[in-house]
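The values are calculated or read from the model by the stated rules, or taken from the named source; none is laboratory data. A quick note: this is a predicted structure, and the numbers were derived from the prediction, not measured. In this analysis, Cβ positions are derived from the backbone assuming ideal geometry, glycine residues included, and neighbour counts consider all displayed protein chains. Note: accessible area is taken over every heavy atom of the protein model, side chains too, but ligands, DNA and RNA are not part of it. Shrake-Rupley method; radii C 1.70, N 1.55, O 1.52, S 1.80 Å.
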There are 2 protein chains.
Amino acid sequence: MALIVHKYGGTSMGSVERIKNVARRVAKWHAAGHQIVVVPSAMSGETNRLIGLAKEIQEQPDPRELDMIASTGEQVSVGLLAMALKAQGVDARSYAGWQVPVRTDSAYTKARISSIDDARIRADLDAGRVVIVTGFQGVDDAGNITTLGRGGSDTSAVAVAAALQAAECLIYTDVDGVYTTDPRVVPEARRLNVVSFEEMLEMASLGSKVLQIRSVEFAGKYRVPTRVLSSLTDPMISLDEEMKSGTLITFEEDEKMEAAVVSGIAFSRDEAKITVVAVPDKPGIAFSILGPIADANIDVDMIVQNQSVAGTTDFSFTVNRGEFKKALDVLNGKVVQAIGAREVVSDDKVCKVSIVGIGMRSHAGIASLMFRTLSEEGINIQMISTSEIKTSVVIEDKYMELAVRALHKAFGLDQGAAQ
Amino acid sequence: MALIVHKYGGTSMGSVERIKNVARRVAKWHAAGHQIVVVPSAMSGETNRLIGLAKEIQEQPDPRELDMIASTGEQVSVGLLAMALKAQGVDARSYAGWQVPVRTDSAYTKARISSIDDARIRADLDAGRVVIVTGFQGVDDAGNITTLGRGGSDTSAVAVAAALQAAECLIYTDVDGVYTTDPRVVPEARRLNVVSFEEMLEMASLGSKVLQIRSVEFAGKYRVPTRVLSSLTDPMISLDEEMKSGTLITFEEDEKMEAAVVSGIAFSRDEAKITVVAVPDKPGIAFSILGPIADANIDVDMIVQNQSVAGTTDFSFTVNRGEFKKALDVLNGKVVQAIGAREVVSDDKVCKVSIVGIGMRSHAGIASLMFRTLSEEGINIQMISTSEIKTSVVIEDKYMELAVRALHKAFGLDQGAAQ
């Protein structure tokens, strides 16, 4: 008997029939003698509907009031799931975040969990009940409702699992695990049985949107064994089958079952590149450029600065394509003149492709295999950025699929390839 | 400067445009220097949508979980209204029932308010904010969400007004006050400027569904001056005009402005009559008949028992037409045999018509004028029941409109009639 946390996404909760299926799966785990806590998302579309209403009323919705509204989607979900379990003869009880309570700071719409009281949940579990807790939300010290931001239900589930020291946190979603790359781009992509916490972090931040990145950080911080698996399987398959499916995120490197040096190829087409040319090379330049960008609430991804030549250097960075124009406006407005740079050149027809793998740490020549592979395909590399377990390149966006497929094959990730 | 509570129904909150209109009206009151607390209902249709979802999941929804779900409609309303006020430059803050808190007992789906903490509301009012509180809901001592039952937002508003000792509670609705009878039946019906608390109680319970009856009881218990008025007027009319409109429910009889003996004619077509014939006249018979009816959760309205003749009596009562068949099943099942009655006769083609008025107390001959009027129209009276300020009759339902119009005229209630 173990304490297990289940998390179900909005698609899994998307209709009355699907909610009944979730209840069947939960009831099966409960019947096997496990203590189960469930964290469901709002029914798919509901959060968007609520935010849409808010924006019709106020163009920039007041954050506190937005959280008041947006948090109701999950409150409906937990009530419906509790009913579905009761209808199947399983005692269950739902809680909103404030009832647990799940304590957060007061940063409305992007709050962070500070603590979770487990007393009420444990009492119900000990009484044989399934406990259902709203994802995505909590309560601040003054008793205001807060939300964690989009996708925050993953984080809620992992945080609840950490607070309860659960044996495992099962994230049920509409994909059956983490893949070596997107199967829509590379049909030979393989599901990973195990992925390290660090790799998952790089994957999540690079566009393999299986799990919200903050939930992965949470899982790492509290070492919560977390498994991503499909909610689309028959809810009545055996527990053994379920536990063998999906992808387990692990924190023990020696537990890593797969010997591949590179675990996956991540990519993102949603990129734009900006270079400030001939910047005088003196202290404070990076801040002079990126400070105003940050002030405009624009997220910067890759940042590359080369060795200076003749007292000037070129400073490049990438932003989300949707914020490209805004970023250019900020730079051309005053920044370029103020720092004495020559000009700004930019390109929003670029993409980013990355190889990710803990194995890279101890293997030389990984980056060079990447560069050779791209060169053999005639793909020019525009920017390079590396970390201990990741190498990213920026290339022209029309080559993205070609690059991903070539790298997937070159690093032996194709299905059936020797590992 | 006064503290005023506004209540808006689901129709008034039914769309983004209507919510903005509510905000305009509230902003006007706030700008005039008043402290304003608003209690809005859920957007029209929303509570039904939520209950519908619940019933798809569980035929008899679990009451605790149903309240968890049903309470979200008002939570969305308060957030949207706060945003609409902020968009108009008025500082506002919303609270769910549990945040105030509005304390109730634990009778899910039909909870009763036990206390309201006014500290948080007062602090916001003192800071110049409009405070918006969810109607229809509260929290029990164990921290569970409860709802007050359909229409409970009226009760919430009056209870908040009582707790804050508000100068007046304004119930904005889609009618512009309380009428001498339903204007759809009698075009000459007049709006009452003032109605006594007791008359309002009788009106509300007799089908003039302007206000939920529990809210009237609450207003009476705490002597909250309560006014029913229209939310369909131009939100920018003057405060004076608003205060002269609608119907004020008063607790001081000498304040009563209208001298009419009868204030209004109430009626309900939703009636069915059941008579248990030749019941042995001995102690406990009423309970033997109505006990099983109550156990089956059937509400009984009128009850009439005559003097016994030759050791037996006829026992009659009325029920809601929708529960007629169920009530007959209960009686014919075992009850009739057990008490030794001869038979049950019944009729679901009946209606109830009542005259209501505090003036009846001190005037003889009111009931006989009623009976004479009906007789002159050739309407046979099947049952009669009286209280201090009301006389009700049961008649064949096809005569309902005729009876109401004749009585409205006979008691001098027609528009333009001498009072």
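Between A:A31 and B:Q60, the FRET efficiency from the beta-carbon distance, with R0 = 25 Å, is close to 0.60. With a simple spin-label model that places each label point 7 Å from the Cα along the Cα-to-Cβ direction, the separation between B:L290 and B:A167 comes to 4.4 nm. Put a label point 7 Å from Cα along the Cβ direction on A:K221, then list its distances to the equivalent points in the other copies in nm, shortest first. From this label point to the equivalent ones elsewhere in the assembly: 4.7 nm. Summary value for chain A: 14 percent relative contact order, contacts being C-alpha pairs under 8 angstrom separated by 6+ residues. Chains A and B together bury roughly 3600 Å² of accessible area, counting both sides, with a 1.4 Å probe on protein heavy atoms only. Distances between equivalent label points of B:V309 across the copies, with each point positioned 7 Å along Cα→Cβ, amount to 12.0 nm, shortest listed first.
Distance from the axis that maps chain A onto chain B is least for the Cβ of the chain A residue given, with the whole Å value, as A:T72, 2. Tell me the net charge near B:M13. Cut-off is 10 Å between Cβ atoms, B:M13 excluded, with +1 for each Lys or Arg and -1 for each Asp or Glu. Charge balance near B:M13 sits at -1. Bridgeable aspartates and glutamates around A:K349 (alpha carbons under 17 Å apart, same-chain partners fewer than 8 residues away excluded): A:D270, A:E271, A:D301, A:E323, A:E396, A:D397, A:E401.
Report the calculated FRET efficiency for B:R342 and A:E188 (r = Cβ-Cβ distance, R0 = 60 Å), to the nearest 0.05. Working from the Cβ atoms, E equals 0.10. The other copies place their A:S15 label points at 3.0 nm from this one, listed shortest first, where each point is 7 Å from Cα along Cα→Cβ. Here B:A107 and A:A107 are evaluated by their C-beta separation; at R0 = 51 Å the FRET efficiency comes out at 0.85.
A:T312 sits among other residues whose Cβ lies under 9 Å from its own Cβ, and their net charge, with Lys and Arg +1 and Asp and Glu -1, is -1. Can you list the lysines whose alpha carbon sits under 16 Å from that of A:K86, skipping same-chain ones fewer than 8 residues off? Within the straight-line cut-off, A:K86 pairs with A:K20, A:K28, B:K55. Taking square-rooted eigenvalues a ≥ b ≥ c of the alpha carbon gyration tensor, is chain A rounded, prolate or oblate, where a/c under 1.5 means rounded and, failing that, a/b exceeding b/c means prolate? It comes out oblate by the Cα gyration axes. Rolling a 1.4 Å probe over the heavy atoms of the protein chains gives the protein assembly as shown an accessible area of 41 Å² per residue. For B:A296, the shell of other residues with beta-carbons less than 10 Å away shows a net charge of -2, using +1 for Lys and Arg and -1 for Asp and Glu.
For the residue pairs B:K352/B:K409; B:K325/B:K390; B:K325/B:K398, the alpha carbons lie more than 25 Å apart in B:K325/B:K390. Listed by chain and number, the aspartates and glutamates placed with their C-alpha closer than 12 angstrom to that of A:K326 are A:D295, A:D299; residues fewer than eight positions away on the same chain are left out. Here the protein assembly as shown exposes an accessible surface that is 48 percent carbon and sulfur, computed with a 1.4 Å probe and the other protein chains kept in place. Among the protein heavy atoms, those of A:E401 account for about 50 Å² of accessible surface (1.4 Å probe, every chain in place). Remark: segment B:281-407 carries a charge dipole of roughly 120 debye about the Cα centre, counting +1 on each Lys and Arg Cβ and -1 on each Asp and Glu Cβ.
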